[in-house]
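Participant: Sharing a structure, written as structure tokens. Questions coming.
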Amino acid sequence: MNDERDLKRRREESNEPQKKTTSDYVKLNIGGTIFATTIKTLTSQGNNFFSEMFDEMDPGADGSYFIDRDANDFSIILSKLRGYDIQESIKEMNAKRRRQLIEDINYYSMKDVFSDCFDEDGILNNAFTFTSAKPITLLTTLKDGRLASLNSDGELEIWDAASYVRVKKIDTYRTYARAIAPLNDVRFVIVAFDEVICFYNITDERIAHTLKCDLTIRELTTLKDDRMVIGGADSTIEIRDVETGQCVKTLNGHRGCITAFTTLIDGRLVSSSVDNTIKIWDVASGDCVKTITCHTDTITALTTLKDGRLVSGGVDNTIMIWDVASGDCVSVLVDYKDISISFNKNNCFISALTTLNDGRLVSGGADNTIKIWDVATNQCVETITCDAKGYIKLTTLKDGRLASICNTSIKIWNQL
């Protein structure tokens with residue numbers, strides 16, 4: 001301390017410009033907002049923008065150093081430098097705010113300072129990650145809000161999305177599961193293997209019973225009344241009673257393996273197939289009421305928008321939005337008539353589709369990306385690239401958050 005005082009005194013006597021010391025109090029004017037701190041705080045975690053700023057920049061008339069950047073972002077950066085936990089602040093940000101914060105972190109050369117705030121994919125951490133021992137192949141949301149996943153080793157895992165804890169792990173002693181679906185009774189989840197459907201009692205961590213099927217199963221879903229729908233490799237669709245396992249309706253019409261199911265707002269069933277068609281079914285009569293043909297290759301994903309329109313995605317790398325009543329593709333390109341809404345930004349086939357509570361569409365691609373779409377403008381408003389290799393699968397939680405799987409990871413996204 002005495003050495004610093006002596007240096008300061010000698011510079012005053014010789015009229016030399018005074019070099020600031022690390023303990024010096026400074027005022028920063030960030031975009032019109034004044035912050036008070038010390039050089040020690042600003043440079044406490046290695047070299048950054050401020051390490052040389054005070055030697056190269058003079059303060060203004062009010063004694064503050066003006067930096068034309070966002071004050072809200074700097075407030076978070078300064079809190080981090082002061083040692084405070086900023087994770088909750090980051091989780092509350094939407095995608096636009098996170099991108100802006102990243103820009104300011106880079107501007108101040110503080111990427112290393114924020115290393116613990118980025119996940120393994122380099123994304124500013126607004127997500128919580130569960131990790132399974134093996135690659136996760138299936139994911140669904142249970143009626144009580146928990147998540148159920150199945151990995152390649154046949155382990156059925158139940159995750160509490162509120163407390164971020166795995167609460168159950170059940171060994172199915174089977175591999176190559178084809179589909180997973182919830183029941184209204186939250187004690188149970190059903191998993192379809194090639195020719196067997198297993199009902200697992202989550203509470204007791206055991207198989208409640210099994211159902212042998214005559215067809216090779218490729219897809220499975222449940223209706224609102226808890227009946228289950230099975231899609232076969234031979235193009236057959238069966239509606240079965242959950243309690244008895246009895247087939248109550250057989251739906252015929254596709255000419256190839258069933259690839260996806262969804263239900264419309266009015267309860268009708270929608271199916272897709274490798275025959276490149278979408279069929280809408282009246283589940284009461286078992287009749288196909290509409291067939292839609294437009295994709296040029298296998299359809300791999302279906303979902304329904306909040307306004308009732310249908311969305312499909314396929315191996316032809318397109319996502320199409322359909323008017324259910326007419327069966328026509330919706331046209332939004334002013335210069336083109338009767339052209340479907342096609343989003344060609346996933347470089348590989350579309351592996352998953354879901355919707356957020358605010359009506360936006362989410363797609364997962366085999367190129368390891370998750371894309372958020374504004375269906376009013378047909379614009380991709382956010383792209384998230386996952387570092388792990390594997391097909392993306394998606395589900396929307398009961399509280400509106402998005403959950404995704406890629407390889408061994410499940411991510412729950414707090415804001416998108």
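The values are calculated or read from the model by the stated rules, or taken from the named source; none is laboratory data. The structure displayed is predicted, hence computed values, not measured ones. Using ideal geometry, Cβ is built from the backbone for each residue, glycine included, and neighbour counts are taken over all protein chains shown.
Participant: Can you tell me which residue among Met53, Met93 is assigned to a loop (DSSP other than H, G, I, E, B) and surrounded by 13 or more Cβ atoms within 10 Å (Cβ to Cβ)?
Facilitator: Answer to the check: Met93.
Participant: Considering (1) over 20 Å from Phe49 (Cα atoms); (2) of a type in the set (A, V, I, L, M, F, W, C); (3) at pLDDT 85 or above, say which one Phe74 fails and leave the rest.
Facilitator: The single condition Phe74 does not satisfy is (1).
Participant: Looking for something surrounded by fewer than 17 Cβ atoms within 10 Å (Cβ to Cβ) and without any contact (Cβ under 8 Å) to a residue 24 or more places away in the chain - is there at least one such residue anywhere in region 390-413?
Facilitator: no
Participant: Within region 58-76, identify whether any single residue is in a helix (DSSP H, G or I), out of contact with any Leu (no Cβ under 9 Å at 6 or more places or on another chain) and over 28 Å from Met93 (Cα atoms), and answer yes or no.
Facilitator: no
Participant: Additional query: Tally time: how many residues in region 223-236 are out of contact with any Cys (no Cβ under 9 Å at 6 or more places or on another chain) and either in a loop (DSSP other than H, G, I, E, B) or outside the structural domain of Thr300 (by TED's automatic domain parsing) (or both)?
Facilitator: Looking only at that region, the number is 6.
Participant: So, one more: For the list (1) surrounded by fewer than 22 Cβ atoms within 10 Å (Cβ to Cβ); (2) under 20 Å from Thr303 (Cβ atoms); (3) not basic (Lys, Arg), I need the number of the one condition that Cys247 fails.
Facilitator: Of (1) surrounded by fewer than 22 Cβ atoms within 10 Å (Cβ to Cβ); (2) under 20 Å from Thr303 (Cβ atoms); (3) not basic (Lys, Arg), only one is false for Cys247: (2).
Participant: Tell me, which residue of region 386-410 that is part of a strand (DSSP E or B) and in contact with a Phe, Trp or Tyr (Cβ under 9 Å, 6 or more places away or on another chain) is farthest from Met320 (Cα to Cα)?
Facilitator: Filtering region 386-410 for residues that are part of a strand (DSSP E or B) and in contact with a Phe, Trp or Tyr (Cβ under 9 Å, 6 or more places away or on another chain), the one farthest from Met320 (Cα to Cα) comes out as Ser409.
Participant: Does Val186 satisfy the condition of being in contact (Cβ under 8 Å) with a residue 40 or more places away in the chain and part of a loop (DSSP other than H, G, I, E, B)?
Facilitator: Yes; evaluated as a whole, the condition is true for this residue.
Participant: Quick one: count up the residues across region 278-287 that are in a loop (DSSP other than H, G, I, E, B) and surrounded by fewer than 19 Cβ atoms within 10 Å (Cβ to Cβ).
Facilitator: Number satisfying all stated conditions: 3.
Participant: While we're here: Starting from region 66-84, keep only residues that are within 12 Å of Leu28 (Cβ to Cβ), then list their pairs with residues that are acidic (Asp, Glu) and surrounded by fewer than 17 Cβ atoms within 10 Å (Cβ to Cβ) whose Cβ atoms are within a distance under 6 Å, requiring at least 6 positions of separation or different chains.
Facilitator: none
Let's see how each residue does on (1) more than 26 Å from Leu361 (Cα to Cα); (2) at pLDDT 95 or above; (3) crowded, with 19+ Cβ neighbours inside 10 Å:
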{"residue": "Val242", "(1), (2), (3)": "yes, no, yes"}
{"residue": "Leu251", "(1), (2), (3)": "yes, yes, yes"}
{"residue": "Gly267", "(1), (2), (3)": "no, no, no"}
{"residue": "Val289", "(1), (2), (3)": "no, yes, no"}
{"residue": "Thr300", "(1), (2), (3)": "no, no, yes"}
{"residue": "Ile319", "(1), (2), (3)": "no, no, yes"}
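Participant: For region 24-65, which residues satisfy the criterion of being free of Cβ contacts under 8 Å to residues at least 12 places away in the same chain and among the hydrophobic types (A, V, I, L, M, F, W, C)? Walk me through how you get there before you give the answer.
Facilitator: Residues of region 24-65 that are free of Cβ contacts under 8 Å to residues at least 12 places away in the same chain, as a first pass: 36, 51-52, 56-58, 61.
Scanning region 24-65 gives Ala36, Met57, Ala61.
Participant: Name the single residue that is surrounded by the most Cβ atoms within 10 Å (Cβ to Cβ) among those in region 345-385 being part of a strand (DSSP E or B) and among the hydroxyl-bearing types (Ser, Thr, Tyr).
Facilitator: Let us first name the residues in region 345-385 that are part of a strand (DSSP E or B), namely 350-355, 361-365, 369-374, 379-385.
Narrowing further to those that are among the hydroxyl-bearing types (Ser, Thr, Tyr): 351, 354-355, 363, 369, 383, 385.
Details: Ser351: 22, Thr354: 22, Thr355: 19, Ser363: 25, Thr369: 19, Thr383: 13, Thr385: 13.
So the residue we want is Ser363.
Participant: May I pose another question? Check region 58-75 and report whether any residue there is assigned by TED's automatic domain parsing to the domain that holds Arg97, loosely packed, with under 11 Cβ neighbours inside 10 Å and within 18 Å of Leu101 (Cβ to Cβ).
Facilitator: The answer is yes; a qualifying residue exists.
Participant: Let me ask you something else. For region 201-222, how many residues are without any contact (Cβ under 8 Å) to a residue 24 or more places away in the chain and not in a loop (DSSP other than H, G, I, E, B)?
Facilitator: 5
Participant: Picking from Thr137, Thr131, Thr141, which residue would you name as being farther than 30 Å from Ala233 by Cβ and in the same structural domain as Gly400 (by TED's automatic domain parsing)? Don't jump to the end; show me each part of the working.
Facilitator: Working: Thr137 fails: farther than 30 Å from Ala233 by Cβ; Thr141 fails: farther than 30 Å from Ala233 by Cβ.
Selected residue: Thr131, the only one of Thr137, Thr131, Thr141 that is farther than 30 Å from Ala233 by Cβ and in the same structural domain as Gly400 (by TED's automatic domain parsing).
Participant: Also, quick follow-up: Name the single residue that is nearest to the chain's Cα centre (by Cα) among those in region 173-202 being at pLDDT below 90 and of a type in the set (Val, Ile, Thr).
Facilitator: In this case the residue turns out to be Val186.
Participant: Also, I was wondering about something else. Just checking, how many residues over region 147-177 are surrounded by 15 or more Cβ atoms within 10 Å (Cβ to Cβ), assigned to a loop (DSSP other than H, G, I, E, B) and either touching an Asp or Glu at 6+ places or on another chain (Cβ under 6 Å) or of a type in the set (A, V, I, L, M) (or both)?
Facilitator: Residues in region 147-177 being surrounded by 15 or more Cβ atoms within 10 Å (Cβ to Cβ), assigned to a loop (DSSP other than H, G, I, E, B) and either touching an Asp or Glu at 6+ places or on another chain (Cβ under 6 Å) or of a type in the set (A, V, I, L, M) (or both): 2 in total.
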